[in-house]
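Enquirer: There's a structure below that I have some questions on.
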Amino acid sequence: MIDTSEVGVKPSRKAGGAATLLASALSNQLGAATASFAFPVMGPIGVVAVRQLVAAAVLLPVVRPRLRELSWRQWWPVLLLAVSFGTMNLGLYASIQRIGLGLAVTLEFLGPLAVALISSRRKSSALCAVVAAFGVLAITRPEASMDVVGIGLGLIAACSWAAYILLNRTVGQRVQGIQGTAAATGVSATLFLPVAVVVFISQPINGLAVLCAVAAGIFASVLPYVADLIALRRVPANMFGVLMSINPVFAAVIGAVILHQDLAAGQWVGIGLIVAANAGVLLLRERGQGADSASPKPEPARSTPGPGVGTAPSAAAQGDREL
């Protein structure tokens, strides 16, 4: 079991874990930027198909899930998790193609933010929700010329990420270790395999496009997955979630520098507001939990519930990159 509590974590290990998380976020966004170079040839769906296959090719041999031993009670959340993987990545990449990397990733982050806000149940979370709402208005800039489809695809990715968080909780409770995640990876790759075949047969594919898609799978799935596992042993869960809030900033900067996707000043402000809201709800929740633990509690009359979506942002931060 990974210890993500504050106690017992040396400052040097915590600093190393933080640096690993930042490198993970940077790798993830570089992978998404690399994927965009293959969009004109393979389209987002072709790139996602290759990415899913790369993730499965790495994760399945390592984990070796015992698929035959899974019951239907274990299989159905795994299947739904596989669907959420596909829709999450496909929605994100299709959104990137239309509205750019920075805005698409920021909209996607509304998924874990929404789960964190709902699970917080604190009055201070309402302020974070308002801040996030202003952020959404700033980056979408509601007007007749806005790309409604691109924004909608980003919101689909956000909903899929939120679904991943909740399904991951169920899978984690019913399937030992990360076998459920590995099984869902295999199912998702199987679903996208016919798509990859059709894409490769229906149009000429150049080697550079395939290389970009494979690189996206490595940079946005494999490397961040390994980095996150290392970091989770070095930093507390709340720090994990807060540091992962930097992803939209990295996405916007990489989109501007590498992809030449310029953003208006108001959109930069909107990204900052959503990042601040995500980090704020995590920090406020952690402070509230600390205050609750410091105050005397009466003897509980019922058993303590199992792990819930309170740790969702930490798990969700891995979700988009695992597969």
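Enquirer: In the range 246-260, which residues are under 14 Å from LEU22 (Cβ atoms), among the hydrophobic types (A, V, I, L, M, F, W, C) and in contact (Cβ under 8 Å) with a residue 40 or more places away in the chain? Quick ask: steps written out before the conclusion?
Expert: In the first step, residues of the range 246-260 are kept if they are under 14 Å from LEU22 (Cβ atoms); the result is 246-251, 253-254.
Then drop every residue that is not among the hydrophobic types (A, V, I, L, M, F, W, C), which leaves 246, 249-251, 253-254.
Of everything in the range 246-260, those that are under 14 Å from LEU22 (Cβ atoms), among the hydrophobic types (A, V, I, L, M, F, W, C) and in contact (Cβ under 8 Å) with a residue 40 or more places away in the chain turn out to be ILE246, PHE250, ALA251, VAL253, ILE254.
Enquirer: Of all residues in the range 160-196, which are open to solvent by 70 Å² or more (accessible area, probe 1.4 Å) and either farther than 30 Å from LEU117 by Cβ or touching a strand residue (DSSP E or B) at 6+ places or on another chain (Cβ under 8 Å) (or both)?
Expert: First, pick out the residues of the range 160-196 that are open to solvent by 70 Å² or more (accessible area, probe 1.4 Å): 166, 169, 173, 176, 178, 190-191, 193-194.
Listed by number, the residues that qualify are GLN176, THR190, LEU191, LEU193, PRO194.
Enquirer: Which of the numbered conditions does MET88 fail, given that it passes all the others? Conditions: (1) out of contact with any Asp or Glu (no Cβ under 7 Å at 6 or more places or on another chain); (2) of a type outside the set (Phe, Trp, Tyr); (3) under 18 Å from ALA157 (Cβ atoms); (4) open to solvent by less than 20 Å² (accessible area, probe 1.4 Å).
Expert: Against the list (1) out of contact with any Asp or Glu (no Cβ under 7 Å at 6 or more places or on another chain); (2) of a type outside the set (Phe, Trp, Tyr); (3) under 18 Å from ALA157 (Cβ atoms); (4) open to solvent by less than 20 Å² (accessible area, probe 1.4 Å), MET88 comes up short only on (1).
Enquirer: Let me ask you something else. Tell me, which helices (runs of 4 or more DSSP H) lie completely within the range 184-275 with 3 or more residues that are touching a Lys or Arg at 6+ places or on another chain (Cβ under 9 Å)? First the steps, then the outcome.
Expert: Values: elements: 207-217, 223-231, 237-244, 247-257.
By residue number, 207-217, 223-231.
Enquirer: Also, I was wondering about something else. Report whether or not PRO313 is within 24 Å of SER84 (Cα to Cα), surrounded by 23 or more Cβ atoms within 10 Å (Cβ to Cβ) and modelled with pLDDT of 85 or more.
Expert: Working: within 24 Å of SER84 (Cα to Cα): yes; surrounded by 23 or more Cβ atoms within 10 Å (Cβ to Cβ): yes; modelled with pLDDT of 85 or more: no.
No, not satisfied.
Enquirer: Continuing with this model, one more query. Only one of LEU232, LEU243, LEU263 is closer than 15 Å to GLN29 by Cα and touching a residue at least 24 places away in the same chain (Cβ under 8 Å). Can you tell me which? Full working, then the answer.
Expert: Values: LEU232 fails: closer than 15 Å to GLN29 by Cα; LEU263 fails: closer than 15 Å to GLN29 by Cα.
It is LEU243.
Enquirer: Surrounded by fewer than 23 Cβ atoms within 10 Å (Cβ to Cβ) and under 27 Å from ALA184 (Cβ atoms), is that true of SER125? Working first, answer last.
Expert: On the way: surrounded by fewer than 23 Cβ atoms within 10 Å (Cβ to Cβ): yes; under 27 Å from ALA184 (Cβ atoms): no.
The answer is no for SER125.
Enquirer: Return the residues of the range 60-73 that are out of contact with any Gly (no Cβ under 7 Å at 6 or more places or on another chain) and part of a helix (DSSP H, G or I); say none if nothing qualifies. Outline the logic, then answer.
Expert: As a first pass, look at the range 60-73 and keep what is out of contact with any Gly (no Cβ under 7 Å at 6 or more places or on another chain): 61-73.
PRO61, VAL62, VAL63, LEU67, ARG68, GLU69, TRP72, ARG73 - these are the residues of the range 60-73 that are out of contact with any Gly (no Cβ under 7 Å at 6 or more places or on another chain) and part of a helix (DSSP H, G or I).
Enquirer: Quickly run through the range 74-121 and pick out the residues that are in contact (Cβ under 8 Å) with a residue 40 or more places away in the chain and in a loop (DSSP other than H, G, I, E, B).
Expert: GLY100, PHE109
Enquirer: Does the range 10-17 contain any residue that is outside any helix (DSSP H, G or I), of a type outside the set (Ser, Thr, Tyr) and at pLDDT below 95? Can you show your working first?
Expert: Just the residues of the range 10-17 that are outside any helix (DSSP H, G or I), to begin with: 10.
Still in the running and of a type outside the set (Ser, Thr, Tyr): 10.
Next, only the ones that are at pLDDT below 95 stay: 10.
Yes: the range 10-17 contains one or more residues that are outside any helix (DSSP H, G or I), of a type outside the set (Ser, Thr, Tyr) and at pLDDT below 95.
Enquirer: Inspect the range 63-76 for any residue being under 18 Å from VAL171 (Cβ atoms) and open to solvent by less than 10 Å² (accessible area, probe 1.4 Å) and give the result as yes or no. Let's see the steps before the verdict.
Expert: Taking the range 63-76 and keeping what is under 18 Å from VAL171 (Cβ atoms), we get 63-76.
Next cut, open to solvent by less than 10 Å² (accessible area, probe 1.4 Å) only: none.
The answer is no; no qualifying residue exists.
Enquirer: Mind telling me which of the residues LEU273, LEU284 ends up being modelled with pLDDT of 90 or more, open to solvent by 10 Å² or more (accessible area, probe 1.4 Å), more than 15 Å from the chain's Cα centre (by Cα) and not β-branched (Val, Ile, Thr)?
Expert: None of the other options fit; the residue is LEU273.
Enquirer: Assuming LEU229 fulfils every condition listed in (1) under 17 Å from the mean Cα position of the chain (by Cα); (2) closer than 24 Å to ALA104 by Cα; (3) open to solvent by 30 Å² or more (accessible area, probe 1.4 Å); (4) not small (Gly, Ala, Ser) apart from one, which condition is it?
Expert: Of everything listed in (1) under 17 Å from the mean Cα position of the chain (by Cα); (2) closer than 24 Å to ALA104 by Cα; (3) open to solvent by 30 Å² or more (accessible area, probe 1.4 Å); (4) not small (Gly, Ala, Ser), LEU229 misses just condition (2).
Enquirer: Regarding the range 122-136, can at least one residue be identified that is part of a helix (DSSP H, G or I), under 21 Å from PHE250 (Cβ atoms) and without any contact (Cβ under 8 Å) to a residue 60 or more places away in the chain?
Expert: no
Enquirer: Using beta carbons and a limit of 8 Å, which pairs, at least six apart or on different chains, have the first residue in the range 199-215 and farther than 9 Å from VAL47 by Cα and open to solvent by less than 60 Å² (accessible area, probe 1.4 Å) and the second one among the β-branched types (Val, Ile, Thr) and outside any helix (DSSP H, G or I)?
Expert: Cβ pairs passing all conditions: VAL199/ILE205.
The values are calculated or read from the model by the stated rules, or taken from the named source; none is laboratory data. None of these values were measured; they are calculated from a predicted model. When we count neighbours, we look across all protein chains shown, and the Cβ atoms used for this are built from the backbone with ideal geometry, even at glycine. Side chains are part of the model used for accessible areas, which takes the heavy atoms of the whole protein and leaves out ligands, DNA and RNA. Shrake-Rupley method; radii C 1.70, N 1.55, O 1.52, S 1.80 Å.
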